[in-house]
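Okay, so here's the structure we're looking at.
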Amino acid sequence: MTKSMHYAIAAIFAVSGVAIASIGVKPIFADLLILSAYYLLLAGSWNLLAGFAGQYSFAHVGLAAAGAYGTAAIVNAFGVSGWLAFLIIPVFTAAIGGLLGLVALRVRGVQLPLITFAFAGAFAVFLAAASDITGGSMGMQLPKLVAGFDRSPYLILSGLLVAAFFVIQNLVLDGRIGLLMQSVRDEEEVARGIGVDIFRIKVYAFMITAGLAGLAGAFYANYVGVLAPSMLSMSEMGMVVAMAVIGGLGHRYGALVGVIVIRSLEHFVRGFGAEYTLVIITAVALLVVLFFREGIIAAVGKRLDRSVQQRRWASAKAS
Amino acid sequence: MKAIVLEAAGLQKAFGGNRVIDGVDFRLTAGELVALVGPNGAGKTSFLNLISGQFRPNAGTIVLDGHDVTGLEPKAAKRRPLFRSYQNGGTFGKLTAVENIAMTGLVRDMDRKTAETRAAEALRRVGLGPVADWPAERLSGGQRKLIDFARLLLARPAVALLDEPTAGVNPVIMEVMRSIIAEMRDAGTGFIVISHDLPWVFGLCQRVVVLAAGKVLTMGTPDEISADSRVREAYLA
Ligand SMILES: Nc1ncnc2c1ncn2[C@@H]1O[C@H](COP(=O)(O)OP(=O)(O)O)[C@@H](O)[C@H]1O
Ligand SMILES: [Mg+2]
C-alpha cells in the first residue's frame, strides 16, 4: 500500500464517525463502536510498542487507567474541562512511559514483561486502597463530557480518535523512528553496533505509545463517567494483547483486525455471560495463534500471494 | 606520507580470564587495505568489535580519523567516519533489503527518503535490485552478506572494517565486491578486510596482518606472508 492509501484509511474513519452519528444507530451498537475505538487506541499503540519496537510491556492498560483516573482527578479537583484532558493526559502518561523506557534499558528478556506487569498490579492495588479519592471498587465518578444520553458526539469523537491514531502511526512508521524502532526489535546488538541510539529509541517508543494509551484512558473516562480498578485487570491486558496478536503483531492494521474480530465475538456471545465470553475469546485467540502464527492479516496476505503466483505460473505455462 | 586514519595501541580485551585480544598495535593509513587473516577463534572479529566500539577494551587506545574514540559507544558522532560489516550479515530480519541498507544512512542523519533512494541504488549495484522489497529473513545467507556489503556504499567512510565479506558469496559477486572495494580504497578509504579467501584478499591488499590467539603473529606483504611457514602452522594449530 502506498503512503497516501494509509492516510486515506485514516480519513475514512474520521468521516465514518460523522456518518454513523448522523444516520443514528441503536444505543447498544453505538456503545459497541465507541468502546471499540478505546480498544483500538490501546491495542494499536501496544502493537506499536511490542510489535514494532519489540518492547513487551504489560503496563499498557495500567497507563490507560492512569490516564482515565488522571482525567477524573483533574476534572473533579480542579474543574478542568474534560476536553482539556485530551491534551494534558497524554503528556502525563507519556512522562510515565518515559520512565518505563528507562527501566526497559536496564532489563533483559522476560524481566520487562514481569516488571511492567508488577507496575500495573501495584497501581491497581493503589487505586483500590486509596478509596477516599478513587472510590475504590465502588468507582470514581466524573461529569460527562456532553450532557444527556445522545451518543452522537462520542461516535464522532471515536472516529476522530481512530483517525488520529492512524495518522500518528503513519508518521511514526514511515519516519526515521519507525525504521530505527524495528531495527532494535529485530537485532538490538547489531542496531547498537551500527550506531543506533538505543536509549533514545526505547524511551521515544515508550513515550509515544504511553501517550496514546493515556489518550485512550481520557476518552474512556469522559465517555463512561465512572471508573473502577477493574479497567486495569489482568484480563483487560490479556484482551489488548489478544487483539494485537490475532490481527497480526507488527502489522500496521493488526490491531484493527483484532479489535473487529474480538469485539464482534464479544457482541455475539455476550448472552452466555461475561465469564464465558472470556473463555470463548481465549479459545479463538489460541486457534488463531496455532493456525496462523503471524495473525490473520499475514495469513490472508500469504493466501493472496499464492494465488497471484499460481495465476502467473498458469499463464506462463499457457503461453 | 599518507594520513593515518586509524591507530590502535596496546589493545586488550578479556572475557573472564580469556584474553581474546592480547596487546595489539595497529596502524592504517588513508587508501590502505590491510588483510586480517588467522585461524578461527584468533580474535579477528573481536578486534573489529573493539575498533567499532561494540566491545570496550580493557586496555589500550583507539584513535580514529584524528579523534580518540577509546571507550566511546558506536553511536558517538566521532565514530561516524567508521563503517563495519558483519560476519553473519548483520541484517534486520523483518526489514526489507532496501530498509536494511537505508539504516546506515539513518544513523548518519540522512532523512528516510534520501536513505531509501540511495539504498535502492546501492542494491542495484550489487545485483540485488529484484529483491529490494523482500524482508531480509527471506533471503539467502549470501544475499544477506551482500546487503551488509552494500551499506558500505551509503556510508562512504574514512575507515571500513569488513568481516569475511566473501563468505558464501558467488564468484561473480566477489568480483563486484572487489571492484567496489578497489574503487573506494583508491579514493582514500582505509580498509581492514577479514577473509579466508587468501587469493581474493591478497589481490586487493598492500599488507597482511596475521592474528593468532589474540596476538599479531606476523605481518608483511602478501608475498612475504605466503612464503612464511609460521602462518601455515598457526592455521593448523
Ligand atoms: N561476546 C563474547 N563473549 C565471550 N567470549 C567471546 C565473545 N566474543 C568472542 N569471544 C571469544 O573470543 C575468541 C575469538 O573470537 P572471534 O573474535 O570471533 O574469532 P575469529 O573472528 O578470529 O574467528 C573466541 O574464543 C570467542 O569465544
Ligand atoms: Mg570472526
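The values are calculated or read from the model by the stated rules, or taken from the named source; none is laboratory data. Note that this is a predicted model, so its numbers are computed, not measured. Glycine also receives a Cβ, built like all others from the backbone with ideal geometry; neighbour counts cover every protein chain displayed. Side chains are part of the model used for accessible areas, which takes the heavy atoms of the whole protein and leaves out ligands, DNA and RNA. Shrake-Rupley method; radii C 1.70, N 1.55, O 1.52, S 1.80 Å.
So how many residues does the range A:1-50 have that are β-branched (Val, Ile, Thr) and under 26 Å from A:Val241 (Cα atoms)?
Of the range A:1-50, the ones β-branched (Val, Ile, Thr) are A:2, A:9, A:12, A:15, A:18, A:20, A:23, A:25, A:28, A:34.
Right, trim to under 26 Å from A:Val241 (Cα atoms) and you get A:9, A:12, A:28, A:34.
Within the range A:1-50, residues that are β-branched (Val, Ile, Thr) and under 26 Å from A:Val241 (Cα atoms) number 4.
To keep it simple, each residue is scored yes or no on (1) small (Gly, Ala, Ser); (2) outside the structural domain of B:Gln12 (by TED's automatic domain parsing); (3) out of contact with any helix residue (DSSP H, G or I) (no Cβ under 8 Å at 6 or more places or on another chain).
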| position | (1), (2), (3) |
| --- | --- |
| B:Pro199 | no, no, yes |
| B:Phe202 | no, no, no |
| B:Cys205 | no, no, no |
| B:Ala213 | yes, no, yes |
| B:Val216 | no, no, yes |
| B:Pro222 | no, no, no |
| B:Ser229 | yes, no, yes |
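List, please: which pairs have Cβ atoms under 8 Å, are six or more places apart or on different chains, and start with a residue in the range A:192-203 that is more than 9 Å from chain B (Cβ to nearest Cβ) and open to solvent by less than 20 Å² (accessible area, probe 1.4 Å) and end with one that is in a loop (DSSP other than H, G, I, E, B) and not β-branched (Val, Ile, Thr)?
Final answer for the pair search is A:Ile201/A:Ala53; A:Lys202/A:Ala53; A:Lys202/A:Gln55.
Hey, does the range B:102-123 have a residue that's farther than 17 Å from A:Val184 by Cα, open to solvent by 20 Å² or more (accessible area, probe 1.4 Å), more than 18 Å from the chain's Cα centre (by Cα) and of a type in the set (Ser, Thr, Tyr)?
yes
Looking only at helices (runs of 4 or more DSSP H) that fall completely inside the range A:129-188, which ones have 2 or more residues that are open to solvent by less than 20 Å² (accessible area, probe 1.4 Å)? Walk me through how you get there before you give the answer.
On the way: elements: A:131-134, A:152-174, A:176-186.
Correct list: A:152-174, A:176-186.
Tell me, which helices (runs of 4 or more DSSP H) lie completely within the range B:84-191 with 2 or more residues that are within 16 Å of ligand 1 (Cβ to nearest atom) and among the charged types (D, E, K, R)?
On the way: elements: B:97-106, B:112-125, B:141-155, B:171-186.
In the range B:84-191, the matching helices (runs of 4 or more DSSP H) lie at B:141-155.
Could you grab me the full set of residues in the range B:53-73 that are surrounded by 23 or more Cβ atoms within 10 Å (Cβ to Cβ) and within 16 Å of ligand 1 (Cβ to nearest atom)?
Passing the criteria: only B:Gly53.
Can you name the residue in the range B:42-61 that is in contact (Cβ under 8 Å) with a residue 60 or more places away in the chain and β-branched (Val, Ile, Thr) and is also nearest to B:Leu6 (Cα to Cα) among such residues?
B:Ile51
Hey, which of the helices (runs of 4 or more DSSP H) in the range A:228-302, taking only ones fully inside, have at least 1 residues that are within 14 Å of chain B (Cβ to nearest Cβ) and of a type in the set (Gly, Ala, Ser)? Quick ask: steps written out before the conclusion?
On the way: elements: A:234-247, A:254-269, A:274-291.
In the range A:228-302, A:254-269 are the helices (runs of 4 or more DSSP H) which contain 1 or more residues that are within 14 Å of chain B (Cβ to nearest Cβ) and of a type in the set (Gly, Ala, Ser).
How about the range A:1-80: which helices (runs of 4 or more DSSP H) wholly inside it have at least 1 residues that are farther than 22 Å from A:Phe166 by Cβ and hydroxyl-bearing (Ser, Thr, Tyr)? Let's see the steps before the verdict.
Details: elements: A:3-23, A:27-46, A:60-78.
Fully inside the range A:1-80 and qualifying: A:60-78.
If I ask for residues that are more than 16 Å from ligand 2 (Cβ to nearest atom) and open to solvent by 30 Å² or more (accessible area, probe 1.4 Å), which ones from the range B:30-52 would you list?
Once the filter is applied, which keeps residues that are more than 16 Å from ligand 2 (Cβ to nearest atom) and open to solvent by 30 Å² or more (accessible area, probe 1.4 Å), the range B:30-52 yields nothing.
Would you be able to tell me the number of residues in the range A:185-202 that are more than 22 Å from A:Trp46 (Cβ to Cβ) and not charged (D, E, K, R)?
Result for the range A:185-202: 5.
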